[in-house]
Each structure stands twice: as structure tokens, then as C-alpha cells.
Amino acid sequence: MTDFRERITAAYDAESFRRQGRQLVESLADYLAQAQRGDGLPVLPWASPAVNVDRFATAFPEEPTGSFPELVARVLSGSNHLHHPRYVGHQVTAPVPLAALCDAVSSLLNNGMAVYEMGPVSTAMERHVLRWMAARLGLPETADGVLTSGGSLGNLTALLAARQAKAGYDAWNDGAHAGPPLAALVASTAHYSLSRATRVMGWGAQGLIPVPVDEHFRLRPEALAPALEKATLAGRKVIAVVASAGSTATGAFDPLEAVADFCEQHGLWFHVDAAHGASAVLSAPHRHQVRGLDRADSIVWDAHKGLLMPALITAVLFRDGARSFEAFAQEASYLFEGTERPWSDVAQRTMECTKEMMALKLYTCLSVLGTRLFADAVTESYAQTRRFAERLSATSDFQVPVSPDCNILCFRHTPAHVPPEEWDGLQARLRERLVTRGDFYLVQTKLPGGVYLRVTLINPLTTDADLDALMEALRTAARR
Ligand SMILES: *Cc1c(COP(=O)(O)O)cnc(C)c1O
């Protein structure tokens, strides 16, 4: 047991922490500089899952023999480098480095948030961050919400509240079958987390009714009434319409004003999955694209998408803040005392019980770096995406199916020397080649017109020259 005392004292030793921390910050800073220059570093050092499992095979020694710096070096070199200017892949940002330092603070303090006393500072910060977001969105003073772990959970949280508000029966306590089967209308292009959420709630496959989109991949508002009628005739009680502000495949913004009008006319809950695109409200030139967002009953906004934050920080905001308490209308008497519902015990309103000090990162970065940086990052990424779309469209060997609404762009390489029936296969091969070589990290998607390459210009370090290089790399790869 004395042996244990010694070991535990060593593991928690403040001086070792200081030493390791200094060393860590040094190597992270070197890494960051190298990743941002991009030179000599593959964006993704591609290796198969089996190879990486082998590389990290370990028997976990019983004695403290492992080397932290060595392990960190292997983690850094084997990972996908989101700060590389040629990372133009999924909707995950290159986080502003200050946020990473906040993560260390959060992990050390481990103030788990569930109840106020377990996170007095982060609870207060969460309130201010949500207030700031609600104000940017144009929501009224009565708005409130919570931070949660990702847009997927955010959508479920919002739809649970929608159900309590609109089902006409207490599905939370009496079950999903205590009344007519429920449904929500949603653009056919919506994120899959919505169909997960409705299935989790027991609405089944018919619980989410797809509404057709137009040639810009935006929900067609005139298709809402027939969809509602059809669902009603089929015995479904439709309680909500979900619009996307920034759909996943093409980044399309649904016409929010028109959907808001429809919801108002029919007494439906209006939820906007703005996980990707809510940040547009920060940008004066692009704010008009989310006009009508301020009429939503609930909104999901991912800070790890449009606000340069590391995963995961998602705001679920309710126009009527009291609704936020209805998502999980459950009593847990060992945690929450009494019958009143103080806003400050945030776990009453999230799926999580314990959660990370999420607000710390966003609050700190907004305070220290100022809000203009974040607004300009949105403006610049949207503008850069448009410029890239224009350059692609001006060529004869690239096609852009739809001009971008935000910083997501689909396109494909269609060189004359490849017959059109082989274009789908070509896109997949080109992507594989560029990604496995580590030249670029981009993704692909399937649209009605076929297979397309897809970029999200979410890394503020990407330049127009990098995107020109991407075009050239695709041309070269296609000629091979
Ligand atoms: C990213 C995204 C989600 C899922 O969010 P996570 O934070 O990855 O869980 C949901 N909806 C939309 C529109 C998204 O862009």
C-alpha cells in the first residue's frame, strides 16, 4: 500500500505535469506550424484500419514504462491533419488553437456540469454563450437552451420537446403508442440524424416524411401541403416540419420563411437543423440566406462546424425557453431537488448527465479573440467557396451541379478523354488517389446526377491557390 501511495503521488505530481505540459505545448506548436505550412506532410497519412490497429498494438504494461512524448509523436504523425491547407473534407473545422488549451483546462478541472454545483463557472459561461447565440439568431428574450454533444443529439433533444408540445398526449410518460402515430415533414436531403431521432422516439420508418427538393436541393415549400395531407390520410399525426440550413450533401439552405409560414398556418412545430449553417447569421453578406431562422421553435447550431471550435459543442435553442425543460420531462430526485426547475442544473435538459465544460472553449475564444474573427471566417469561407465554384464552372472539364449556398461545394471532373458513362467511377478513383497519396483530403457524395466530389472549405488556412492546385491534381490523376 505504501507502494501505491508513491505511485499515485508520482502520477498526480504537479511538477511532472508542468514538465510534460511544457514539452507537449512545444511539440503541439511545432506540429501546428508544420501542418499549416503543409510541406512534406500528407494531409491524411492513409493506412488501412488493420495497419493502424497493428501499429498501436500494445499489452498495456503493468509498470509505468510508457513514454508520453513518443506516444504523442505517433498520434500526431498518424492522424488526419485538419490544419493542413489542403484539408477540404468533412464538415469538421481546423480548430483555433486557443480552444485546444481550453480543452486541457476543462479536462483537468473536470467540472461535470450536470448540476450547478459541479460546474459553477461553466454553467454561467454556458448561459452567456447561449444568450449570445440566441441574440445573433434574432430570437426573443424568452429564448433559452442548452449545449449538448453534437448536432445528432441536438436534433433528438429538439424533437423530444416538439413532441411534448404538439403530440396532444404525454408520450414521455405514457409511451409512443399512447396516441396516434406521430410524424415530422423533412426535406429529402436532411441529415440522417433526424431519421435516427424519430426512430429512437418510436415513430418508426414512417415517422419522418421526406418532402421533395428543387433543382437547388432546397425543400420545395409547395410540396409541404400535399405531404401533410397524404400523411394525415395515412393516419399519421404530423407535428413538426424540419428544415435544414446547410443540408449535408450540398449545403443547401431550405427556404425558412416559407416553411415558417406553413408551420404557422398548420400549428406545426418549426425545427431548423442549422448545425452547419447557423453561423451564417454572423456574416452580414450572408445573413439573408437564413432569413426566417428567427421564427423557428427550435434550432440546432454546431460550434464545431462554423465557429472554429473542436468537437463537440452544439447549441439547442428554443424560442420559448421553457420548452427546453420538456425534452426530458423526467424527475431524478437524487440529482434535482424539489419541483421547480432551475435553469442552472443543465442536465435536466440534456441527454447527458455529466458533460464536458463545453461552453468554456467558445466563451473563452469569443472573449479573447473577439467575435469579428468568427464572423469574418464565415464570410470568407462562403466567398471562397463561390470563387472556387466560379473557377470550376468556367472550365470545360469540371462541372458544378448547383452553385453553393455556403462553404460546401459538389463538383466533378469530366475530361473529354473519359466517356461520360465512366465519370462516376472516375470521381471515386480520383478521390481515392488524392486521399491515399495524402495530397488532399476531400470526400464524395452521390447526387441524382451521379457521383460528385465534395469539399467543405471549413479550414480558414486553405487558399485559392490550394484549390487551383486541387484542380490540377485532379487533371493529372485523371490522365494517368
Ligand atoms: C453535422 C450535421 C449534423 C450532425 O451533427 P454532429 O455534430 O456531427 O452530431 C446534423 N445535421 C446537419 C445539417 C449537419 O451538418
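Every read-out reported here was derived from the displayed coordinates using simple, explicitly stated rules and does not represent laboratory data. Treat the numbers as computed from the prediction; the structure is a model and nothing was measured. Here the Cβ positions follow ideal geometry from the backbone for every residue, glycine too, while neighbour counts run over all protein chains shown.
Side notes on the structure shown:
- For GLY251, the shell of other residues with beta-carbons less than 10 Å away shows a net charge of 0, using +1 for Lys and Arg and -1 for Asp and Glu.
- Along segment 122-131 the Karplus relation, 6.51 cos²θ - 1.76 cosθ + 1.60 evaluated at θ = phi - 60°, assigns HN-Hα couplings of 5, 5, 5, 5, 4, 4, 5, 5, 5, 4 Hz to successive residues, with x for each Gly and Pro.
- Under the Debye formula (equal points on every Cα, no solvent term), log10 I(q)/I(0) of segment 1-160 at q = 0.13, 0.15, 0.20 Å⁻¹: -1.00, -1.19, -1.34
- Every helix of 4 or more DSSP H residues in the chain counts as -39500 (n - 2.57), and over all residues that averages to -13500 deg cm²/dmol at 222 nm.
- Applied to segment 444-453, the Karplus parametrisation 6.51 cos²θ - 1.76 cosθ + 1.60 on θ = phi - 60° returns per-residue 3J(HN,Hα) values of 9, 8, 9, 10, x, x, x, 8, 10, 6 Hz, with x for Gly and Pro.
- Annotation: peptides 445-454, 419-428, 64-73, ranked by per-residue average of other Cβ atoms within 10 Å with the highest first, follow the order 445-454, 419-428, 64-73.
- Net lengthening on full extension, ALA59/LEU461 (0.36 nm per residue, minus Cα-Cα): 140.8 nm
- In terms of its C-alpha gyration tensor, segment 74-223 comes out oblate, because a/c is 1.5 or above while a/b does not outweigh b/c.
- Gained length - LEU233 relative to ARG37, 0.36 nm times residue gap less alpha-carbon distance: 64.6 nm
- Gyration tensor (alpha-carbon) shape descriptor, segment 112-364, a/c threshold 1.5: oblate
- Ranked by how many other Cβ atoms sit within 10 Å of their own Cβ, fewest first, the residues SER381, SER298, SER106 fall in the order SER106, SER381, SER298.
- Residues of type lysines that LYS237 reaches as a straight line, Cα spacing below 29 Å, ignoring anything fewer than 8 places off in the same chain: LYS166
- Scanning residues 5 or more positions from TYR441 or on other chains, those with amide H under 5 Å from its amide H are TYR87, VAL88, with H placed 1.01 Å from N in the peptide plane.
- For segment 347-395, GluC sites (Glu not before Pro) are listed when DSSP marks them as loop and at most 13 other Cβ atoms sit within 10 Å of their Cβ; the list is empty.
- Ordering of 232-242, 158-168 by packing [mean C-beta count within 10 Å, highest first]: 158-168, 232-242
- Fewest-first ordering of PHE4, PHE56 by other beta carbons within 10 Å of each residue's beta carbon gives PHE4, PHE56.
- Put in line by how crowded their Cβ is, counting other Cβ atoms within 10 Å and starting with the fewest, HIS216, HIS288, HIS83 read HIS288, HIS216, HIS83.
- Part-to-part distance (alpha-carbon centres) for segment 99-162 and segment 359-409, which is given in Å: 25 Å
- The chymotrypsin sites (Phe, Trp or Tyr not before Pro) found in segment 259-335 that occupy coil by DSSP, while having at most 10 further C-beta atoms within 10 Å, are TYR334.
- Gain upon complete extension [SER16, VAL443; 0.36 nm per residue less C-alpha separation]: 149.5 nm
- The chain shape via C-alpha gyration tensor axes, a/c threshold 1.5: oblate
- FRET efficiency estimate (nearest 0.05) - Cβ-Cβ, LEU109 to GLU6, R0 22 angstrom: 0.30
- Percent of Cα pairs in segment 59-148 per distance bin of 10 Å, from zero to the largest separation: 12, 26, 29, 25, 6, 2.
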